[in-house]
Amino acid sequence: MSRAQAESVIRSIIREISQECSGRGYSVSETLVAFMVKAVVLDPDNDFNVDKSLTKDDVQKLVQVCAEKLMDSSSPSLDTVKMQVYFDMNFASRGEFLEEHRGVVQSRLQPVVRDITDSRARTREEFEGLYRKIVSCILLRSGLGSPTDVVVLREVTAALQSVFPPTELGNFMHLTKANQEQQLKELTHIVTGIRLYNRQGAAGGQGIDDIPAILEEAIPATTQSLENDLKETLQIAHKYTAVIEHAYKGEYRQEVPLDLIKQAAINTRQYEVFLRLLLHDVRVCAQQFQQLGHKFSDQMARVKSTVRSKTAVQTALVYVISPFY
């Protein structure tokens, strides 16, 4: 069986299981069904041979077993599978999240950047429109403030005019598209640096959230919440483990089926694993936050030292803010 045929069979099985559950009043996602199919096929207790194609009887058995498991609302195993599916669909490492965020920002910026680099402005009105587009592009790329806030737009425009006055548009239009895009990135770094510097001196920074203050409150609160959940989870897991140990010693009364206790123990341990992953990420974020905070403070001090008592400063001297982007 070819790969395409195998995928077609799997999709058909998933669809049949979904319809079976739906017909009995249970709503399940295709992702959950697919996850359950994989778990059932790989479980040696179900006697499926993964090295051979499924027969018609195998398919019927697979559909029935998966449907029964998906409709067992009291099963800890089903809750474990749901938890795994949800985590797999929603969790991303810090690096993955940042990469995805950059991709989203870039996709949103592409039409704006293209509109700027494709411009063939000739009249005064067209040049003014092009300049406004550059202001919007800088603001969108920085993510610091709303492009619909008039005060923010004025502040960004003023910062841009100090390093890139409208009279420079002619030279800008003679650049290649690649160089135009590079200059837009550099202008974003410079203008953002100016706004952050002004904000430090309480002379600007309209629309820029106080991220350090937000994180100083959010990180400890999140860490404490996860640690509390982990502590409670470990206590429950230890109780389940103790019950199972007593059962193997013949000291367990069958008030609850032992298999159900085992499923609950596995569910709890899976939850523990996910909590530890989240806690690890939060702690890494806390470390990164401290490092970036120190780095920002040091660079801001260098900028202040450079521009103190000067009416004009070369851009290259205060471009140290760019490593943050």
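The values are calculated or read from the model by the stated rules, or taken from the named source; none is laboratory data. It should be emphasised that the depicted structure is a prediction, and the values quoted were computed from it without experimental measurement. As a convention, Cβ positions derive from the backbone with ideal geometry for all residues, glycine included, and neighbour counts pool all protein chains shown. Note: accessible area is taken over every heavy atom of the protein model, side chains too, but ligands, DNA and RNA are not part of it. Shrake-Rupley method; radii C 1.70, N 1.55, O 1.52, S 1.80 Å.
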Per residue solvent-accessible surface (Å²) - the stretch 53-192, probe of 1.4 Å: 59 Å²
Relative contact order (%) - the stretch 58-187, alpha-carbon pairs under 8 angstrom, separation at least six: 20 percent
Cβ-derived FRET efficiency at R0 56 Å, LYS239 paired with SER297, nearest 0.05: 0.70
Whole-Hz ³J(HN,Hα) from phi, Karplus 6.51 cos²θ - 1.76 cosθ + 1.60, for the stretch 41-51, glycine and proline x: 5, 7, 6, x, 5, 8, 6, 9, 8, 6, 8
Separation between Cα centres of the stretch 275-302 and the stretch 38-88, rounded to whole Å: 42 Å
Cα-only radius of gyration and Dmax that characterise the stretch 101-177, units Å: 12.6, 37
Crossing angle, helix 94-117 versus the chain [Cα axis fit, 0-90 degrees, rounded to tens]: 40 degrees
Degrees separating the helix 56-70 axis from the principal Cα axis of the chain, which is the longest one: 70 degrees
THR188 - accessible surface, heavy atoms, 1.4 Å probe, Å² rounded to 10: 0 Å²
Fraction of accessible area attributable to carbon and sulfur, the stretch 133-202 (%, probe 1.4 Å): 53 percent
Portion, in percent, of the accessible area of the stretch 226-275 that falls on carbon or sulfur, probe 1.4 Å: 54 percent
Potential lengthening between HIS246 and ASP209 on full extension [0.36 nm per residue; Cα-Cα distance subtracted]: 7.8 nm
DSSP-loop trypsin sites (Lys or Arg not before Pro) across the stretch 116-202, with at most 10 other Cβ within 10 angstrom: ARG120, ARG122
Proximal aspartates and glutamates relative to LYS177, as straight alpha-carbon distance under 15 Å, when same-chain residues fewer than 8 apart are discounted: ASP115, ASP118, GLU186
Stokes-Einstein translational diffusion, the chain - Kirkwood Rh over all Cα pairs, 0.692 mPa s, 37 °C, in µm²/s: 129 µm²/s
Within the chain, longest stretch clear of exposed GluC sites (Glu not before Pro) (DSSP loop, no more than 16 other Cβ within 10 Å): 1-250
Nonlocal amide H pairs with ALA121, under 5 Å, H built at 1.01 Å: none
Using alpha-carbon coordinates, inclination of helix 211-248 to the longest axis of the chain, degrees: 10 degrees
Accessible surface of the stretch 16-109 [probe 1.4 Å, protein heavy atoms]: carbon and sulfur percent: 48 percent
GLU100-LYS177 FRET efficiency (beta carbon distance; Förster radius 22 Å; 0.05 resolution): 0.25
